[in-house]
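> Dumping the structure here so I can ask a few things about it.
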Amino acid sequence: MPEAMPGAMVLSAALAAYALVGALALPATGAGVQPAAGRVQRYAGFALATALALHTLALGLRWSALGHGPFTTMHEILSSSLWSLALIFALAWWRVAELRAALPVVLPVWAVLAAWLLMADARAGHLPPTYATPLLYLHAVVGKLYLGLLLVAAVVGLVPALRRTAWGVRRFAKGVDDRRLDELAHRFAAYALVADTLMLIVGAVWAQDAWGRYWAWDPLESWAFASWLALVAALHARATLRPPPAHFGLWLAGSFALAFLTFFGVPFISTAPHKGAI
């Protein structure tokens, strides 16, 4: 960490626990078919619960010390986003048995955020006056819910496509039927669309409060709307064109990639008022 901050050591322990989840993920693939894989899957679940508990404590310690939520710097945004993506996936993973074998698919996203977090400046940031509103918290919550649900949808949807690869055949051949995975991916994507729509609405109200306009087509607003359109198009195509599960999964993965770039790319290269805000 570039500078010692409250919760820094706890955050390091949380990242180590996430790494342990990754080490256990591949043996956990196919759990429910092989007893040994089932045991490793339980160990992975325990490691994930430990990582989330430590990460929650780290965020709470920093929040208490600075007096504001993790919204102002790249370090804080990456940390809170890794936490929310892991939490949403973990809740879905524990609730929906069909998700458990897909744990390795989500790991690259977590790894990118964790590696980026380690390189980000951990010093405290400045809380802009426009952030002093309850709308910030509502906007952040529904935004993180949207990205987390879309990640779950993309991960589940990618399994049928991965089964067409040599790597995927070895790990997912005996898993859940493609049609069931397609149904789950569609369900999570629909929930993600609801959260995305709420995020845009709350963001527009916040923009009116902060800058005197609901919508100005600044770079982040434009890309956020493009991400919403991509998800709408994916859901509409599934309802009308009936693509194979593998194709729908790839479309959802593309929608998530666009959303990921919107969240973590556009705000930090833009000179618009949205710069630095997620």
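> In Å², and per residue, what accessible area does the stretch 46-125 have when probed at 1.4 Å with the other protein chains present?
Numbers: 3080 Å² over 80 residues.
So the stretch 46-125 comes to 38 Å² accessible per residue, rounded to a whole number.
> Compare Leu85, Leu261, Leu231 in a GNM of the chain, Cα atoms joined below 10 Å, and give the one with the largest fluctuation.
Looking only at Leu85, Leu261, Leu231, the largest GNM fluctuation is found for Leu261.
> So if I place +1 on the C-beta of Lys and Arg and -1 on the C-beta of Asp and Glu, and nothing else carries charge, what would the dipole magnitude of the chain be about its Cα centre? I want it in debye, nearest 20. Could the numbers behind the result be given before it?
On the way: 19 positive and 12 negative charges, 192 e Å.
The calculation lands at about 920 debye.
> Counting pairs of alpha carbon atoms under 8 Å apart in space and at least six apart in sequence, what relative contact order in percent does the stretch 176-278 give? Walk me through the numbers before you get to the answer.
On the way: 68 pairs, mean separation 30.6, N = 103.
Relative contact order for the stretch 176-278 comes out at 30 percent.
> Computed from these coordinates, which is semi-axes √(5λ) of the Cα gyration tensor in Å: (i) 43, 30, 20; (ii) 25, 24, 19; (iii) 32, 25, 13?
After the calculation, the listed value that fits is (iii).
> Please give the net charge around Val202, taking every other residue with its beta carbon less than 12 angstrom from that of Val202, where Lys and Arg add +1 and Asp and Glu add -1. Write out the running numbers ahead of the final one.
Working: positive: none; negative: Asp196, Asp209.
Counting the neighbours of Val202, the net charge comes to -2.
> Give me the 1.4 Å probe accessible area per residue for the stretch 137-216, excluding ligands and nucleic acids, in Å². Before the final figure, lay out the partial values.
Values: 3660 Å² over 80 residues.
That works out to 46 Å² for each residue.
> Say a site is exposed when it is one of the chymotrypsin sites (Phe, Trp or Tyr not before Pro), sits in a DSSP loop, and has at most 13 other Cβ atoms within 10 Å; what is then the longest site-free stretch of the chain? Spell out each step's value before the answer.
Numbers: sites that count: Trp215, Trp217.
With chymotrypsin sites (Phe, Trp or Tyr not before Pro) excluded where exposed in loops, the chain gives 1-214 as its longest stretch.
> Something else: Give, rounded to the nearest 20 debye, the magnitude of the charge dipole that the stretch 163-202 has about its Cα centre when Lys and Arg contribute +1 at Cβ and Asp and Glu contribute -1 at Cβ.
Numbers: 8 positive and 5 negative charges, 80 e Å.
The calculation lands at about 380 debye.
> Using a Förster radius of 35 Å, what is the FRET efficiency between Gln208 and Ala115 based on their Cβ-Cβ separation? Nearest 0.05, please.
0.40
> Here's another thing I want to ask about it. Projecting each Cα onto the charge dipole of the stretch 184-271 (Lys/Arg +1, Asp/Glu -1 at the beta carbon, about the Cα centre), which of Gly265, Tyr191, His236 comes out farthest on the positive side?
His236
> How large a share of the accessible area of the chain, in percent, is made up of carbon and sulfur atoms when the probe is 1.4 Å and the other protein chains stay in place? Provide the component values of the computation, followed by the final result.
Numbers: 8720 of 12540 Å².
So the carbon and sulfur contribution to the accessible surface is 70 percent.
> Before rounding to the nearest 500, sum -39500 (n - 2.57) across all DSSP H runs of length at least 4 in the chain and divide by the residue total; then give [θ] at 222 nm in deg cm²/dmol. Don't skip to the answer; put the middle values down first.
Values: 10 runs with 208 residues, N = 278.
It comes out at -26000 deg cm²/dmol, rounded to the nearest 500.
The values are calculated or read from the model by the stated rules, or taken from the named source; none is laboratory data. Keep in mind the model is a prediction, meaning the values are calculated, not measured. Cβ atoms come from the backbone with ideal geometry, glycine included; neighbour counts cover every protein chain shown. Ligands, DNA and RNA are stripped out before the accessible areas are found, and what is left, the full protein with its side chains, is counted by its heavy atoms. Shrake-Rupley method; radii C 1.70, N 1.55, O 1.52, S 1.80 Å.
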